[in-house]
Amino acid sequence: MTRCLVVDDDAEIRNSLQQYLQGFAMQVSTAADGREMRRLLLAEAVDVVVLDLMLPDENGLDLCRWLQQTHPELSIVMLTAQGDPISRVLGLEMGADDYLAKPFEPRELVARIHAVRRRTGKADKLLEGERSLQFHGWRFDRLLRQLVSPEGVVVALSSAEYRLLSAFVERPGRVLSREQLIEMSRAPGVEVNDRSIDLAVSRLRQKLGDSPREPRLIRTMRGEGYLFDAPVGFAP
């Protein structure tokens with residue numbers, strides 16, 4: 001599970017990002033300023049810091065430099081209302097791994113966190129190996145290979161659909177290309193191609209009651225692949 005620290009002086013932003021990121025299997029703490037950020041870093045293990053450039057007590061660029069010097073293992077995504085190129089370049093030169101200008105879509109922040117963790121070689125395997133997961137009222141027991149609807153109905157899955165759903169729920173909010181899905185869901189000795197993936201996605205959507213025209217769970221990203229657009233959590 002990715003451990004994230006959101007540093008922003010806007011309480012509404014902190015709270016909304018905490019709730020949203022937790023929906024994508026992240027453990028999230030928040031800090032209102034640089035002093036609180038330093039305290040939390042001493043008390044907790046953190047993988048990625050989402051750092052606002054404008055803070056009341058310290059300049060975000062100085063904090064970014066300090067993080068790079070004292071915690072080089074951390075990934076840093078900078079947030080700022082200043083979308084100008086100079087601020088972006090300065091942030092990256094100070095050691096930030098990525099930069100996102102306000103206002104932004106929370107889903108884009110999720111994607112950027114995943115991207116910098118992969119790019120810097122610090123990515124963990126979200127939810128991989130967990131037996132039982134839940135999303136939008138559905139429960140997926142991977143040991144029993146059992147998918148249960150919000151109404152409590154057991155939905156049968158083929159082996160291909162089971163492997164495909166496992167790939168999706170382990171990486172919520174992340175665009176997966178057809179090539180990636182082939183590697184993640186291919187059974188030994190079985191030939192799989194792009195068309196096979198499209199058909200498996202179509203069948204899985206039907207079983208999840210997900211409309212192909214207006215999908216809520218599995219979205220088609222034109223020219224890129226598919227995205228599982230639902231918060232995934234651990235089922236009790």
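The values are calculated or read from the model by the stated rules, or taken from the named source; none is laboratory data. This is a predicted model, so every value here is computed, not measured. Ideal geometry is used to build each Cβ from the backbone, glycine not excepted, and the neighbour counts take in all protein chains shown.
Summary table below
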item	result
All positions within region 2-21 that are outside any helix (DSSP H, G or I), within 17 Å of the chain's Cα centre (by Cα) and more than 21 Å from residue 73 (Cα to Cα)	none
Which numbered condition residue 137 misses (of (1) assigned by TED's automatic domain parsing to the domain that holds residue 20; (2) surrounded by fewer than 17 Cβ atoms within 10 Å (Cβ to Cβ); (3) within 22 Å of the chain's Cα centre (by Cα); (4) at pLDDT 85 or above)	(1)
Pairs with Cβ under 8 Å, 6+ apart, first in region 1-20 and more than 13 Å from residue 32 (Cβ to Cβ), second aliphatic (A, V, I, L, M) and surrounded by fewer than 16 Cβ atoms within 10 Å (Cβ to Cβ)	3/45
From the options 109, 143, residue that is of a type outside the set (Lys, Arg) and either under 25 Å from residue 198 (Cα atoms) or at pLDDT below 90 (or both)	143
Qualifying residue in region 63-85 (condition: in a strand (DSSP E or B), out of contact with any Cys (no Cβ under 9 Å at 6 or more places or on another chain), surrounded by fewer than 16 Cβ atoms within 10 Å (Cβ to Cβ) and without any contact (Cβ under 8 Å) to a residue 12 or more places away in the chain)	no
Qualifying position, being among the hydroxyl-bearing types (Ser, Thr, Tyr), out of contact with any Lys or Arg (no Cβ under 6 Å at 6 or more places or on another chain) and modelled with pLDDT under 90, among 158, 185, 149, 202	158
Answer residue from region 47-62, given it is touching a residue at least 40 places away in the same chain (Cβ under 8 Å) and over 17 Å from residue 98 (Cα atoms) and is surrounded by the fewest Cβ atoms within 10 Å (Cβ to Cβ) among those	56
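Conditions tested, residue by residue: (1) among the β-branched types (Val, Ile, Thr); (2) in contact with an Asp or Glu (Cβ under 7 Å, 6 or more places away or on another chain); (3) modelled with pLDDT of 95 or more.
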{"site": "30", "(1), (2), (3)": "yes, no, yes"}
{"site": "42", "(1), (2), (3)": "no, no, no"}
{"site": "46", "(1), (2), (3)": "yes, no, no"}
{"site": "59", "(1), (2), (3)": "no, no, no"}
{"site": "62", "(1), (2), (3)": "no, no, no"}
